[in-house]
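The values are calculated or read from the model by the stated rules, or taken from the named source; none is laboratory data. Predicted, not measured: the structure shown is a model, and the values here were computed from it. Note: ideal-geometry Cβ built from the backbone for every residue, glycine included; neighbour counts use all protein chains shown. Accessible surface is based on the protein model in full, side chains and every heavy atom, while ligands, DNA and RNA are left aside. Shrake-Rupley method; radii C 1.70, N 1.55, O 1.52, S 1.80 Å.
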Amino acid sequence: MKLSRRDAAPEGRMPLMDHLRELRNRLIKAILGLVAGALVGWIFFPPIWDFLKQPYTRIPPEHCLNNKCDLVVHGIFDGFFIHLKVALIVGAILSSPIWLYQIWAFVAPGLYRRERRWTYVFLAAAVPLFVLGGALAYLTMDKGLKIFIGLAPGDTTVLVGVQDYLGYAQAMLFIFGLTFELPLFVVMLNLVGILTHERIRKSRRLLIFGVFVFAAVATPSQDPFTMLALALPTIVLFEIAELLAFFHDRRKDRAPDPYEGLSDDEASPLDLERIDAELEKGDRAL
């Protein structure tokens, strides 16, 4: 039986063209997942649209036409693009387990076999964190809208286009969702031995400052409330990530070192049981 590229190169060493083919295949799978999720969003557009526009309908009606806050369609083709944009938003959320896995799976072949077992841990945490960030963005969207729409002079009427509102909602959902993934990447880098707890601890102040700067720049409305709504939970998640890294490094330090006490010219011991287990696993795969 012909071995796959991953099995043929279990440590992830592949030529550049193989890496490019791997990237192409991962992108195709992620796009197919996005298209499948977008079809669901297109089919169930009416209830999804009612849900998405709720933050706008919660703003004070003083500046809205006839004291009723409705979104405005400006062009003939806007109806189609509204359906398309809502479908893509829903598709990206529904397919998040697929494209998040493809991101990690593209990196995982470069890790050792024992490190790739963390793939399932990554997926189990990545999807809930992304959904949690999106949910927080949905709950705080109306706060930023109230602040800026409330700045309009009292003798004016605010007419917000649907495209503008969807762009704002899309940016909020994905910025919050992806930002909540950053502490998870810190944990994964620690688990595979790239980032130590000591380095995380020394960079804590710089990290906190960077989170506030990023939140101030990345949020679409850039108002203080939205900035704090993104920065504070992210800092809490980073603190949890640092705590997990601390316990992981302490447990690893307590593990016995098989090379301790060996001189430079002495052969290191072989773990024959582990080698046999790996060979048996490879034979079963064939």
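Have a look at ARG204, ARG274 and point out the one that is farther than 30 Å from ALA137 by Cβ and either modelled with pLDDT of 85 or more or among the basic types (Lys, Arg) (or both).
Exactly one residue qualifies, and that residue is ARG274.
Across the range 127-147, the qualifying residues are those that are among the hydrophobic types (A, V, I, L, M, F, W, C) and under 20 Å from TYR56 (Cβ atoms), and the one among them that is most open to solvent (accessible area, probe 1.4 Å) is LEU139.
In the range 170-187, the condition of being more than 24 Å from ILE103 (Cα to Cα) and open to solvent by less than 30 Å² (accessible area, probe 1.4 Å) is met by no residue.
The sole residue among THR179, THR140, THR157 that is modelled with pLDDT under 85 and among the hydroxyl-bearing types (Ser, Thr, Tyr) is THR157. Given the structure, is GLY150 open to solvent by 20 Å² or more (accessible area, probe 1.4 Å) and in contact (Cβ under 8 Å) with a residue 12 or more places away in the chain? For GLY150, the condition - open to solvent by 20 Å² or more (accessible area, probe 1.4 Å) and in contact (Cβ under 8 Å) with a residue 12 or more places away in the chain - is met. Within 29 Å of PHE246 (Cβ to Cβ), touching a residue at least 12 places away in the same chain (Cβ under 8 Å) and open to solvent by less than 20 Å² (accessible area, probe 1.4 Å): does that describe LEU230? It is true that LEU230 is within 29 Å of PHE246 (Cβ to Cβ), touching a residue at least 12 places away in the same chain (Cβ under 8 Å) and open to solvent by less than 20 Å² (accessible area, probe 1.4 Å). Among the residues of the range 188-227, the ones that are open to solvent by 80 Å² or more (accessible area, probe 1.4 Å) and without any contact (Cβ under 8 Å) to a residue 12 or more places away in the chain come to 9 in all. Only helices (runs of 4 or more DSSP H) whose full extent lies in the range 161-232 are considered here, and the ones with at least 2 residues that are out of contact with any His (no Cβ under 7 Å at 6 or more places or on another chain) and of a type in the set (S, T, N, Q) are 162-179. Checking the structure you have, find out if any residue of the range 45-60 is open to solvent by 30 Å² or more (accessible area, probe 1.4 Å) and modelled with pLDDT under 75. Yes - at least one qualifying residue is present in the range 45-60.
Out of curiosity, is MET17 modelled with pLDDT under 80, exposed (fewer than 11 other Cβ atoms within 10 Å of the Cβ), assigned to a helix (DSSP H, G or I) and out of contact with any Cys (no Cβ under 7 Å at 6 or more places or on another chain)? Spelling it out, MET17 is indeed modelled with pLDDT under 80, exposed (fewer than 11 other Cβ atoms within 10 Å of the Cβ), assigned to a helix (DSSP H, G or I) and out of contact with any Cys (no Cβ under 7 Å at 6 or more places or on another chain).
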